[in-house]
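Just below is one structure, and these are the notes that go with it.
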Amino acid sequence: MAYYLLKRFLSIIPVLLGITIITFTAIHLAPGDPIQVRMGQRYDPVIAEQLRAELGLDKPLVVQYLVFLKDLVRGDLGFSYIKGQPVTQLLGDKFGNTLYLSLSAMIIAIILGMLVGIVAAMRPQSALDYLMMILAVAGVSIPVFWLGLMLQLVFGSYFHWLPVSGMTEYGATVWENFKHLILPAVTLATVPMAIIARITRSSMLEVMGQDYIRTARAKGLGTRAIIFRHALKNALIPIITVIGNMFALLLTGAVLTETVFSWPGLGRAMVDAIGQRDFPIILGSVTLFAVTFVMVNLIVDIIYAWVDPRIRYT
Amino acid sequence: MAPQPFRVFSGLLAAVVAICVAASLLVAAGSLGSCTKTEPETATTPVGQTGGTLRLPLDADVLTLDPIHIIDVRSSAVARQIYSTLVRFDKDLQLVPDLAENWDVSPDGLRFTFYLKKGAKFHSGREVTAKDFVNSFTRLANLDEASERANLLRDVVGYHEFRERNADCLTGVSAPERYSFQIQLSKPYSPFLTTLAMINFAVVPCEEADVDAEDQHYDFANHPVGSGPFKLVDWQTGSSIRLEANVDYFEGAPFLDAVLYKVIPDVEAQFKAYADGELDATNIPVGKLREVSKDEAYRGQFHHKDLLAVQFYVFNMDKEPWKDRLFSSKKTLRQALNYAVNREYIVEEILEGRCEPLTGIIPPALTEWYNPAIRDEPRYRYDVNEARRLLEVSGHPQGMFFPETTRLLYNDFSVQPDIASQIEDFFRDVSVKGKRQAADFPTFVEKIREGDFIVARGDCVADYPDPDVFLWRLLASENSGAYGNWARWRNDEFDTLVEQARAELDPGKRRLLYWQAERIALEEAPWLFLFTQTVNILLKPEVKGIAISGMDIDASFPNNDLSRVFIMRADVN
């Protein structure tokens, strides 16, 4: 197990190298000059050159990339070109906000998704099953940004029940903060919820057809005990795999959701940074996304072993 | 109540001094008239009306609150409440004292001496002295601080030596006494006094701001310490900024308890928040202006003001077909296109009357400098036949012999695509093939800098109320390129006139020089002259004391001192 973990950790290195090289090249190939964005209306070439030198933008690209790598190894992502703030500090808060949103969405998606899946699997081919699955297909198909806008329109503009943007306000109570969370979390949860529902349903159906379920029924166990103690546990593996993958979807989905709801997270920071050509922020957020993705996959693999004792890593 | 008499007194004193000074010399006419007009902006006495939080929208988050790095209106709007400058502008854009009690200028216009108000304190509690201004100005010029706006000091004695590290301080600024601060210029520059109201010249306590460590550099921007009416207490990056009253403010404690800025990029969302009572002011979304301005529900809340702003498209004079040659000026071609565009139509159909056709270069909101003759007899009116005739004269009959399609480069926001598309249509009416070319902001500005465009959209919102902004920065040949003269237009006669105007101390003469220069630019048509701009906002009727000026470009009121603003509550009479 230790060897396996070490191997997995080491595999992060080529992944990161690849991702940063691609991102680095892409942002430098794109037109647009961060220095000019920073200088605004009065662009003075002399001062611009000085700023360029200060930020190391006058060096060859390869050198700039190597400098980035050197700093990255030390956990330093450089300074924002536009705000002058250390990237780690700036993205640290944002990352926390994104995690908060994504985990909340994940919890909603898992609970509701599995519930819908189980209910549908209980009565296959029934009207209830069809209804649930139609909802699931709709959930997967609806674009996140559209759903977000619609929810804002209905719950914010029409009913005035929930705030439509931002994460918190100065002096806000816990309840007020929670209200800010509801709409973006539900929006973000929709796609994974639908997918989890479908996987749960098919996985449950498969398990429910197994001999041991029949045996359990034969020995007189109640439906609840069969589902939760016997069926669900065995149906979990594919569900966990999907949940792991979902997490990546949540992170990327967060970019859109955060933009729609003005949620101060990593996704929105990245979009803003692209709009300003703030290279260190773009690179930093992509790197953070990549690391999170790899780590989540690793955690999922470990959970496999825990759920299913037959799985052993060497 | 204490603040009121104090302000009146300081206003009178300033007026007397200014009049004396006027006898001997002079600075911009604007600055003179100003001092005699310093009245408190609040007409109503706010008995029992102190307190409360004013909630204003910001289109985008503030980039920095370190004054030497501020380049944008939003940062400036917030920073204006935190810091003080020597002088500032009132609602009529007249120069009035801020931290300077009064000032005098030497007869040659080269030496400025400011006498500071005594007892003003930084938020840290320390007194503001002339030494702080010396340090703050030096900080702005300091190469190591890498200020984007250092060149605002380029006419100050010793600037170049200091920048080139041949001197260890900025010799042109000094503090002869504890409360007097002196600036020496190397050549006369009339608008200089006016530029000092820019937020970049704010006084900062250097013990807080000057930190060598790289990451601390940012710290001051995030934890600003000024001497203005409000202090920063909370900044949720990307969502809100909260300022609270500085009770030790040298003009007396602000009436408000706090100002809360909410970052809401979408104007529709701002408008909604206002309607829901979550904001005290809002900008008005595209397409809603006419409806809102007439809506009974918003009666008494709608405010409208001409801005010190112009919009235009520039012809890239380094590119064909606009390029002038020794014996063949292409001005008739550029004039032709100026006749081809129906500005009134765009103003009505696309801009909902938010703009007015631009007849000159100095906008009407700059009242003292504006040339009314240009409004009465505009150089260009919509006239397709004249446009066709001039096209023929310029050697392009029927729009022929253009080297390529005339691409219209613009940065993609708001109604810009519609305007570009409409101009494309007007060009087509005179057989000139135009094609819109959208770009996001960073790409757009890079193309401008590289000169990689044929025609490009341009605009300018004055950062100080002086014709210098429009005529010198946007059109003088020394500013060719990204600094302001995007058209890369070069005209010796124009340059000479503007240079003279910059050095001229007599406002009357200066005005005439600018008017002459303006005529030349209109005749030579390096731009497609389009519109002047207005600001249109809704403000809750209970908010009193905000006076919208020609530099308040949106509902964050960047040119307003919010210290005398109060919220009238229904429960108090």
What single numbered condition from (1) under 25 Å from B:Asn316 (Cα atoms); (2) without any contact (Cβ under 8 Å) to a residue 24 or more places away in the chain; (3) assigned to a loop (DSSP other than H, G, I, E, B) fails to hold for B:Tyr370? (1)
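Say we look at region A:266-298 and pick out the residues that are polar (S, T, N, Q) and under 17 Å from A:Thr98 (Cβ atoms); which of these is modelled with the lowest pLDDT?
A:Thr292
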Among the numbered conditions (1) touching a Lys or Arg at 6+ places or on another chain (Cβ under 7 Å); (2) not in a loop (DSSP other than H, G, I, E, B), tell me where B:Ala547 comes up short. (2)
Here are some residues: A:Leu115, A:Leu183. Which one is away from chain B (no Cβ under 14 Å) and either open to solvent by 40 Å² or more (accessible area, probe 1.4 Å) or not aromatic (Phe, Trp, Tyr) (or both)? A:Leu115
Of all residues in region B:74-83 being more than 20 Å from B:Arg139 (Cβ to Cβ) and either surrounded by fewer than 24 Cβ atoms within 10 Å (Cβ to Cβ) or over 16 Å from the mean Cα position of the chain (by Cα) (or both), which is farthest from the other protein chains (Cβ to nearest Cβ)? B:Gln81
Options A:Leu147, A:Leu153: the member that is crowded, with 16+ Cβ neighbours inside 10 Å and either assigned to a helix (DSSP H, G or I) or away from chain B (no Cβ under 13 Å) (or both): A:Leu147
Taking region B:148-170 on its own, how many of its residues are more than 14 Å from chain A (Cβ to nearest Cβ), under 26 Å from B:Pro97 (Cβ atoms) and more than 23 Å from the chain's Cα centre (by Cα)? 2
Residue hits (region A:159-176; exposed (fewer than 14 other Cβ atoms within 10 Å of the Cβ) and either within 14 Å of another protein chain (Cβ to nearest Cβ) or not polar (S, T, N, Q) (or both)) are A:Phe159, A:His160, A:Trp161, A:Gly171, A:Val174, A:Trp175, A:Glu176
Mind checking which pairs have a first residue in region B:311-333 that is assigned to a loop (DSSP other than H, G, I, E, B) and a second that is among the aromatic types (Phe, Trp, Tyr), Cβ under 6 Å, 6 or more apart or different chains? B:Asn316/B:Phe453; B:Met317/B:Trp489; B:Pro321/B:Phe402; B:Trp322/B:Phe315; B:Lys330/B:Trp322
Among the listed residues B:Ala167, B:Ala197, B:Ala175, identify the single one that is closer than 22 Å to B:Phe89 by Cα and not polar (S, T, N, Q). B:Ala197
Checking the conditions here, which among A:Ala269, A:Ala254 is over 25 Å from A:Ile195 (Cβ atoms), of a type in the set (Gly, Ala, Ser) and in contact with a Leu (Cβ under 7 Å, 6 or more places away or on another chain)? A:Ala269
Please indicate, with yes or no, whether at least one residue in region B:233-251 is surrounded by 17 or more Cβ atoms within 10 Å (Cβ to Cβ) and over 25 Å from B:Thr64 (Cβ atoms). yes
Matching residues in region A:200-237 - criterion: being in a helix (DSSP H, G or I), at pLDDT 85 or above and open to solvent by 50 Å² or more (accessible area, probe 1.4 Å): A:Ser202, A:Leu205, A:Glu206, A:Asp211, A:Tyr212, A:Arg214, A:Thr215, A:Arg217, A:Ala218
Mind checking which residues of region A:1-41 are open to solvent by 70 Å² or more (accessible area, probe 1.4 Å) and either of a type in the set (Phe, Trp, Tyr) or in contact with a Cys (Cβ under 7 Å, 6 or more places away or on another chain) (or both)? A:Tyr3, A:Phe9
Selected residue [open to solvent by 40 Å² or more (accessible area, probe 1.4 Å) and either more than 19 Å from B:Glu404 (Cβ to Cβ) or touching a Gly at 6+ places or on another chain (Cβ under 6 Å) (or both)] from B:Glu450, B:Glu478: B:Glu478
Return a yes/no flag: does region B:246-261 have any residue that is closer than 30 Å to B:Val455 by Cβ and of a type in the set (Ser, Thr, Tyr). no
Report the residue count in region B:420-440 for those that are under 19 Å from B:Asn316 (Cβ atoms) and within 14 Å of chain A (Cβ to nearest Cβ). 3
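Can you tell me which residue within region B:398-440, out of those that are part of a helix (DSSP H, G or I) and at pLDDT below 90, is least open to solvent (accessible area, probe 1.4 Å)?
Start the filter on region B:398-440 by keeping residues that are part of a helix (DSSP H, G or I), which leaves B:398-399, B:416-429.
From what is left, the residues that are at pLDDT below 90 are B:398-399.
Values: B:Gln398: 130, B:Gly399: 16 Å².
So the residue we want is B:Gly399.
If you scan region A:23-81, which residues turn out to be of a type in the set (Ser, Thr, Tyr) and within 21 Å of B:Leu63 (Cβ to Cβ)? Quick ask: steps written out before the conclusion?
In the first step, residues of region A:23-81 are kept if they are of a type in the set (Ser, Thr, Tyr); the result is A:23, A:25, A:43, A:65, A:80-81.
Passing the criteria: A:Tyr43, A:Ser80, A:Tyr81.
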Can you tell me which residues in region B:81-105 are out of contact with any strand residue (DSSP E or B) (no Cβ under 7 Å at 6 or more places or on another chain), modelled with pLDDT under 95 and not hydrophobic (A, V, I, L, M, F, W, C)? B:Lys91, B:Asp92, B:Gln94
For a quick check of your reading of the model, give me the residue pairs whose first member lies in region A:208-223 and is of a type in the set (Lys, Arg), whose second is in a helix (DSSP H, G or I) and open to solvent by less than 80 Å² (accessible area, probe 1.4 Å), with beta-carbon atoms closer than 7 Å and at least 6 apart or on different chains. A:Arg217/A:Ile226
Residues that are of a type in the set (S, T, N, Q) and within 14 Å of chain A (Cβ to nearest Cβ), drawn from region B:466-502: B:Asn479, B:Ser480, B:Asn485
The one condition in (1) within 14 Å of chain B (Cβ to nearest Cβ); (2) under 17 Å from the mean Cα position of the chain (by Cα) that A:Met106 fails to fulfil: (1)
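Would you call A:Asp301 within 27 Å of A:Ile142 (Cβ to Cβ), charged (D, E, K, R), open to solvent by 20 Å² or more (accessible area, probe 1.4 Å) and at pLDDT below 90?
no
More than 29 Å from A:Ala48 (Cβ to Cβ) and either open to solvent by 30 Å² or more (accessible area, probe 1.4 Å) or more than 23 Å from the chain's Cα centre (by Cα) (or both), is that true of B:Trp515?
Working: more than 29 Å from A:Ala48 (Cβ to Cβ): yes; either open to solvent by 30 Å² or more (accessible area, probe 1.4 Å) or more than 23 Å from the chain's Cα centre (by Cα) (or both): yes.
Here the answer is yes, as B:Trp515 does meet what is asked.
Do we have any residue at all in region A:167-186 that's touching a residue at least 60 places away in the same chain (Cβ under 8 Å), part of a loop (DSSP other than H, G, I, E, B) and touching a strand residue (DSSP E or B) at 6+ places or on another chain (Cβ under 9 Å)? Lay out the reasoning, then the answer.
Our first condition is that a residue be touching a residue at least 60 places away in the same chain (Cβ under 8 Å); within region A:167-186, this holds for A:167, A:181, A:183-186.
So of that shortlist, the ones also part of a loop (DSSP other than H, G, I, E, B) come out as A:167.
Of the ones still in play, those that are also touching a strand residue (DSSP E or B) at 6+ places or on another chain (Cβ under 9 Å) are A:167.
The answer is yes; a qualifying residue exists.
The values are calculated or read from the model by the stated rules, or taken from the named source; none is laboratory data. Predicted, not measured: the structure shown is a model, and the values here were computed from it. Backbone-built Cβ (ideal geometry, glycine too); neighbour counts: all protein chains shown. Note: areas computed on protein heavy atoms with side chains; ligands, DNA, RNA excluded. Shrake-Rupley method; radii C 1.70, N 1.55, O 1.52, S 1.80 Å.
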